Amino acid sequence: MTPLSRRKFLASAAGLGAAGVRSRGKEAEYPVPARAVTKGPKHHFFGYYDKCPWDSTGRYLLCMETDFIDRQPKAGEELTVGMVDLKDGDKYVPLDTTAAWSWQQGTMLQWLGSAPDKEVIYNAVAEKQSVAVIRDVHTGKTRTLPRPVYAMSPDGKKAVTLDFARLHRLRPGYGYATVPETHADELAPDKLGIWLMDAATGKNELVVSLKQLAGNKPDARFDGAEHWVNHLQFNPSATRFVFLHRWKKPGDRSWQTRLYTAKPDGTDLRLHLDDGMTSHFDWRDDDTLLAWARTKKDGDMFYLIPVADEPPKVVFGDVCDRDGHCSYSPDRKWVLNDTYPDKDSNRQLMLLKVANGRRYDLNKFRSPAALAGPFRCDLHPRWNRDGTQVCIDSAHEPTRQVYVLDVKDAVGS
């Protein structure tokens, strides 16, 4: 199933029952067409799967605009930060330019939780340092924070962040090429790690250091390895945040990972998974994570991971056998997920029903072989605010664009 036009969608849904579902046991096809809300000749994308690009009114959808898609950005090379006016013919409205960006996570562009109808926050560069800019998209008024942001608390009051220059070197496609790296000769610097920042004042402090992480229950896997952190995310009430601690030895083909949570000030640091691999995740609630991870007992699976000292539990094990970018719907009744390319270079978009573990395949999108590694185009599916639409980045057509799918009927099934 290639991306469906409206006509093809109606034809494919015909004869499949009232809901248009073709069942395969616990798996089903629920064909949903994808509509491009951006267009060429320039390329557009939003970035990661853990942020909502829609404003609180549902009118504006954030995304970024570039002139190329087939290589890493050079130091100082900028893109345009903007938004699509969904009620004015999908008009693209540019807001600013910035050199603080990556292919996988963009500029961390997102609506600020304290004013989701008008204010956005994104990363920029000032005097060779990464900073964050808060902008009123209607008046143009801005203010600057002294550090970049990685994850914002849902209320928009605080951020956790990391060193994007170290991340760029150790995990290409996620950090920023523009910012000079410090402490590159240290395996686990005590001056780098995770910072907590107040979004109103800019006051910030290092709350978890790389030295601290490398010194926590060390073993032979750490010998001679460089350490970094990635994928920070607050829980719904911002009482804790999750992050991945990663390390890699010279000559290793890949890195290893531990999954941690902590309170925002870095206290109550808890190590939850230590079997070498944790990938994508989302908070189900304040006390439970869903993550694609590995355990010695069950291997690579989706797990529910309690913050409390309890063992992880396998979920969706009979319908998902591959890693994906997973996120809960606003009502927590569904998990939106995707896959990396299969043998036919297709990426599958799906919904997973929490109540019964059933899987609904919505659509699939061909991934160009030329877009690989740091500048690959993952779908990175994201929910809108009421759980009736999702949007993705895709390059199955000649340019890289943002697409919206209406899943209102699917989530009502």
For Val314 and Asp331 in the same chain, what is the full-extension length gain: residue separation times 0.36 nm, less their Cα-Cα distance, in nm?
-> 4.0 nm
Can you tell which of Pro116, Pro381, Gly215 lies farthest toward the positive end of the dipole of the chain, using +1 and -1 charges on the Cβ of basic and acidic side chains (Lys, Arg; Asp, Glu)?
-> Pro381
Dipole magnitude of segment 264-412 about its Cα centre (Cβ charges: Lys, Arg +1; Asp, Glu -1), debye to nearest 20 | 500 debye
Set Lys313/Lys353; Lys42/Lys118; Lys158/Lys263, cut-off 19 Å on Cα-Cα distance; pairs above it are Lys42/Lys118
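Using helices alone, what [θ] at 222 nm do you get for the chain, with -39,500 (n - 2.57) per DSSP H run of 4 or more residues, divided over all residues and rounded to the nearest 500?
-1500 deg cm²/dmol
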Set of aspartates and glutamates near Lys141 by C-alpha distance (under 17 Å), chain-local residues within fewer than 8 positions excluded | Asp96, Asp117, Glu119
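For the ranges 181-194, 371-384, what's the packing order if you count other beta-carbon atoms within 10 Å of each residue, average per peptide, and put the highest first?
Highest to lowest by the protection proxy: 371-384, 181-194.
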What whole number of Å gives the distance from the Cα centroid of segment 111-133 to the Cα centroid of segment 281-304?
-> 31 Å
Can you give the extra length, in nm with one decimal, that the chain gains between Leu271 and Glu205 once fully stretched, where that is 0.36 nm per residue apart less the Cα-Cα distance?
-> 21.6 nm
What dipole magnitude, in Debye to the nearest 20, does the chain give about its Cα centre under +1 on Lys/Arg Cβ and -1 on Asp/Glu Cβ?
-> 700 debye
Violating pairs (Cα-Cα greater than 18 angstrom) within the set Lys26/Lys408; Lys51/Lys248; Lys333/Lys408; Lys211/Lys248 = Lys26/Lys408; Lys51/Lys248
Sorted by average packing, counted as other Cβ atoms within 10 angstrom per residue and highest first, what order do 403-409, 239-245, 261-267 take?
-> 239-245, 403-409, 261-267
Whole-Hz ³J(HN,Hα) from phi, Karplus 6.51 cos²θ - 1.76 cosθ + 1.60, for segment 386-394, glycine and proline x = 10, x, 9, 9, 10, 10, 9, 9, 7
What is the Cα centroid distance between segment 371-413 and segment 185-236, reported in whole angstrom?
-> 31 Å
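The numbers here are math on the coordinates, done by the rules we state, and not lab data. Quantities reported herein were computed from a predicted structural model and do not represent experimental measurements. Note that we place each Cβ from the backbone using ideal geometry, even for glycine, and neighbour counts take in every protein chain shown.
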